[in-house]
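One structure is given here, and the rest of the page talks about it.
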Amino acid sequence: MNIYLFELDSVRNSKQEIAAGQDALFREITANGNTVILSYNQLSDSAAFWAGLKDEKTYNAVMELCELGMIQVSLYADQRTAAQYILGHVKSCMKQLEKRRNSEDAEKQDFYFSLVPLDDNDGDMLRDVYRAIQYSDVQLLREKARENTGDREKYLFLSRYVELILLLSRSETANHPQKSGPLKSLLDYMEQVGQMFSAPQGDEGIDAVLARGLAILRRISDGVSREELQRRSVWYKLLETEPYTKDIDAAEAIVDLCYNYAVEDSILDVDKRYCDGDAEDFRKQFRIDMARYWYSVENGEHISHRKDDARRIAQTDFSENVALPEWSTALLLVKRNIEYIRKRGKRSLPDTQGKDRGERLAQQRRYWKKLSKRSLRYSLMVAGLYAAAFVAISYLLNVIQDLWTDALSVRFGVGGKLLINFISIVLFGIVTSELFAHFKLPDILETVENVFNGIHENRMLYALEREYHTHKGGNC
């Protein structure tokens with residue numbers, strides 16, 4: 001199943017949201033076996049996604065998951081590769097940085113390129129990133145990391161950033177095909193939500209919050225062209241013209257959700273959060289998503305665009321990392337399960353047609369967990385086979401030893417016993433090598449490692465299962 005995660009939206013960048021985004025990404029891949037599809041916006045600016053690059057081990061695991069096709073980038077419009085899109089993003093940042101440097105405003109806002117905080121003198125750093133992508137020269141950034149000790153962490157992060165962008169650009173398995181045909185826009189969803197929630201039932205509850213937010217959005221958009229209202233940044237600028245109240249946060253939350261629904265709709269073969277074409281199911285799902293989002297606003301987990309510290313603490317400092325999931329363990333589990341699927345073909349995949357989203361997710365999760373169990377059973381079986389071969393050979397050599405020990409001892413002395421032990425080792429090696437070659441089995445050390453890893457992975461899946469709450473979508 002292909003999944004788009006709202007939790008990886010670029011505006012969800014508080015420390016709690018970064019941790020929640022990493023957790024959502026980890027769960028979908030590890031516990032559910034789903035493919036997570038990133039939008040170009042998430043690829044360039046998702047703090048939750050890029051937080052994983054700060055740890056080298058995690059970064060290597062995420063790189064391999066992209067190569068395996070578990071994390072993909074959705075192609076969109078005329079942007080044929082991730083590198084092409086990011087080059088445009090770097091150009092835009094360079095222009096913004098230049099404009100900021102020439103500004104006389106003493107209260108300059110912090111400026112970020114993805115997770116990297118930049119100051120007025122960091123134009124060269126952006127140009128290095130541009131050249132590294134343009135010429136596929138990651139080594140340039142690594143050299144800069146060695147030369148610029150003060151910016152070492154920034155350059156190391158950017159080298160990983162560029163390396164992953166280049167991988168996503170050249171790997172067929174990491175690119176998700178572009179969706180053709182008509183797409184629902186941000187404004188389409190805004191209008192649909194406006195029709196559904198314009199009349200609140202009372203002054204309290206999420207419906208009242210929605211109605212107050214929608215009232216602001218209708219007022220500020222009056223007289224603005226439809227073309228301009230297709231962009232989230234335009235809505236943000238319009239909201240900045242209003243005096244701040246709590247209802248501004250509600251209006252912004254509506255814009256954010258509608259934006260993510262529009263992005264989700266633009267992805268080919270994505271498993272949507274609601275039943276496509278069912279207005280009532282969409283209404284229920286939007287209400288659920290709004291309630292969750294509003295809860296994070298009320299509890300200070302999400303800091304809105306309008307608040308003073310919104311562009312802030314947002315991006316985690318390089319000296320302070322968010323706790324990351326066990327991506328290395330996830331990679332091992334995914335590799336084994338994918339290999340099992342490849343060997344048995346698509347017939348092994350669960351049939352989820354005609355089932356509602358909650359049931360589809362639950363069935364996919366059960367299937368993925370079953371694959372992991374089968375992989376562990378296979379490793380245990382191979383280990384048992386090697387153990388049986390060892391016992392059989394030892395028994396055979398004991399018989400031989402009983403028959404020939406006296407003769408060998410007379411002729412070779414102590415060397416006779418050593419010869420028997422040597423023959424035992426050689427025979428065991430020959431038999432296990434033949435078993436490995438004929439049945440294509442892993443060697444002994446790999447088998448032992450697979451058993452211990454399989455036990456750890458299954459324990460992790462059971463822990464995730466206990467904590468996991470299936471997101472219940474519509475009834476399509």
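Read-outs throughout are calculated quantities, based only on the coordinates presented, and are distinct from any laboratory measurement. This one's a predicted model, so the numbers in the text were calculated from it and none came from an experiment. Neighbour counts run over all protein chains shown; Cβ positions are idealised from the backbone, glycine included.
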With the cut-off at 30 Å, tell me which of the pairs Lys154/Lys369; Lys99/Lys154; Lys95/Lys144; Lys15/Lys272; Lys57/Lys184; Lys184/Lys369 have Cα atoms farther apart than that.
Lys154/Lys369; Lys57/Lys184; Lys184/Lys369
Calculated from backbone phi, Karplus (6.51, -1.76, 1.60) coupling profile of region 290-300 in Hz, x at Gly/Pro
5, 4, 5, 5, 5, 4, 5, 5, 4, 8, x
Total charge dipole magnitude, region 204-266, about the Cα centre, Cβ charges on Lys, Arg, Asp, Glu only, Debye to nearest 20
180 debye
Just the number: Rg to Rh for region 172-221, Cα atoms, Kirkwood Rh, two decimals.
1.25
In nm, give the distance between the simple-model label positions of Glu465 and Asn60, each being 7 Å from the Cα along the Cα-to-Cβ direction.
3.1 nm
Arrange the peptides 254-265, 219-230 so that the one whose residues have, on average, the most other Cβ atoms within 10 Å appears first.
254-265, 219-230
Per residue of region 44-56, what does 6.51 cos²θ - 1.76 cosθ + 1.60 with θ = phi - 60° give for ³J(HN,Hα)? Whole Hz please, x for Gly and Pro, Karplus curve as stated.
7, 9, 6, 4, 5, 6, 6, 4, x, 7, 6, 9, 5
For a quick check: with amide H placed at 1.01 Å from N, whose amide H comes under 5 Å from Val73's, ignoring anything fewer than 5 positions away on the same chain?
Leu38, Asn175, His176
nm² value of the averaged projected area, convex hull over the Cα atoms of region 143-247
12.3 nm²
The rounded separation in angstrom of the Cα centers of region 1-39 and region 120-145 is 28 Å
